[in-house]
Amino acid sequence: MIQDGPKDMAVGNNAEPVIQVHGLVTRFGRQTVHEGVDLEVRRGEVMGVVGGSGTGKSVLLKEIIGLLRPTAGRVEVLGTNMWTADSAARRRIQSRWGVLFQDGALFSSMTVAENVMVALKEHTHLDACLIQELARIKISMVGLPPDSCSKYPSQLSGGMRKRAGLARALALDPEILFLDEPTAGLDPIGAAAFDELIGTLQRSLGLTVVMVTHDLDSLYAICDRIAVLVDRKITVGTIDMLLADTHPWIHDYFHGPRGRAAVKR
Ligand SMILES: Nc1ncnc2c1ncn2[C@@H]1O[C@H](COP(=O)(O)OP(=O)(O)OP(=O)(O)O)[C@@H](O)[C@H]1O
């Protein structure tokens with residue numbers, strides 16, 4: 001069982017940046033998605049990424065983790081530029097983060113335990129028994145019962161699949177966790193429980209978390225700062241700072257009915 005403790009990672013202005021995005025430009029044909037986006041994520045913080053539909057949140061995430069090459073600009077993760085590093089350096093960096101995509105992105109032909117073991121087999125030389133034991137520990141860390149180890153993704157509920165995806169993302173003890181809409185499709189109770197799990201894991205393991213979300217409750221529950229994609233640029237601040245922002249979209253987002261409801265909770 002994970003012990004929850006106070007958030008002791010100093011997430012002050014002096015914490016070391018683990019992700020640095022400078023002057024990012026993204027174009028698809030004539031469409032400009034990002035035009036000079038700057039973002040710094042500090043070690044130990046939970047950074048929410050919000051914005052209207054199609055503003056480029058998922059694209060930004062893919063550019064940070066090296067799945068999509070930006071048109072221009074610089075992206076550094078843990079001091080490595082993903083687009084100039086050689087393949088060995090890229091592999092080393094990739095093993096220091098975990099990603100949970102929206103649907104969990106599990107291999108449907110593998111059991112939950114086998115899914116968690118994929119990265120352990122690929123990136124470590126541990127023996128098979130130890131790999132199995134580590135997979136079992138990760139599955140228990142995300143609150144899944146032991147019998148889910150041998151189940152296939154199709155035999156799990158949506159919330160359980162997300163937890164299984166999270167166990168897989170945690171397989172290599174990452175320093176950074178990337179989450180793309182982790183609570184999408186969950187009912188409010190399931191979403192709150194998932195937020196709590198992320199918060200507990202983040203504090204216990206000292207993770208840095210970057211979370212794309214539409215869920216205002218998640219922002220209030222676990223984020224230290226929020227990056228808002230608007231007008232092809234990014235505005236970063238704490239919730240209090242963004243509540244005082246006068247940009248019409250940011251104002252409406254945080255002061256609209258859902259924003260007000262999230263404050264009350
Ligand atoms: N590979 C691609 N080729 C061309 N256009 C793309 C590609 N990937 C994304 N886009 C476009 O870039 C824009 C931003 O997409 P993205 O998926 O990042 O939006 P989003 O902010 O995550 O939206 P949502 O909240 O609806 O998921 C969209 O207009 C999308 O159609």
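The values are calculated or read from the model by the stated rules, or taken from the named source; none is laboratory data. The structure displayed is predicted, hence computed values, not measured ones. Positions of Cβ are generated from backbone atoms using ideal geometry, with glycine treated the same way; all protein chains shown enter the neighbour counts. In case anyone asks, the SASA skips ligands and DNA or RNA and just uses the protein heavy atoms, side chains included. Shrake-Rupley method; radii C 1.70, N 1.55, O 1.52, S 1.80 Å.
Please report the accessible area of D86 (heavy atoms, 1.4 Å probe, ligands and nucleic acids excluded) in Å², nearest 10.
100
According to a simple spin-label model (label point 7 Å from Cα along Cα-to-Cβ), what is the distance in nm between K151 and D127?
Placing both labels 7 Å along Cα→Cβ, they lie 3.2 nm apart.
Tell me, what is the FRET efficiency for I189 and H247 to the nearest 0.05, using R0 = 35 angstrom and their Cβ-Cβ distance as r?
Once rounded, the FRET efficiency stands at 0.60.
Two decimals, Cα atoms only, Kirkwood Rh: what is Rg/Rh over the chain?
Ratio value, two decimals: 0.96.
Determine, for each peptide in 157-164, 27-34, the mean count of other beta carbons within 10 angstrom over its residues, then list the peptides with the highest first.
Averaged packing, sorted descending, gives the order 157-164, 27-34.
For the stretch 43-135, run through the chymotrypsin sites (Phe, Trp or Tyr not before Pro) and keep only the ones in DSSP coil with at most 13 other Cβ atoms within 10 Å of their Cβ.
F107
Using θ = phi - 60° and the Karplus curve 6.51 cos²θ - 1.76 cosθ + 1.60, what whole-Hz ³J(HN,Hα) does each residue of the stretch 189-203 get, with Gly and Pro shown as x?
Rounded to whole hertz, the list is 6, x, 5, 5, 5, 5, 4, 5, 4, 4, x, 5, 5, 4, 5.
Over 10 Å intervals from 0, what percent of Cα-Cα pairs in the stretch 86-153 sits in each interval?
With 10 Å bins starting at 0, P(r) equals 19, 49, 28, 4, 0.
With each run of n ≥ 4 DSSP H residues scored as -39500 (n - 2.57), what mean residue ellipticity at 222 nm is computed for the chain after dividing by its residue count and rounding to the nearest 500 deg cm²/dmol?
The helix contribution divided over the chain gives -11000 deg cm²/dmol.
Restricting the calculation to Cα positions, tell me the Rg (one decimal) and the Dmax (whole number) of the stretch 174-265 in Å.
Calculated on Cα positions, Rg and Dmax stand at 13.4, 37 Å.
Roughly how many Å² is the accessible area per residue of the chain, as a whole number, for a 1.4 Å probe?
48
Which stretch or stretches of the stretch 82-109 have amide N atoms under 18 Å from the point lying 7 Å from S53's Cα along the Cα→Cβ direction?
102-103
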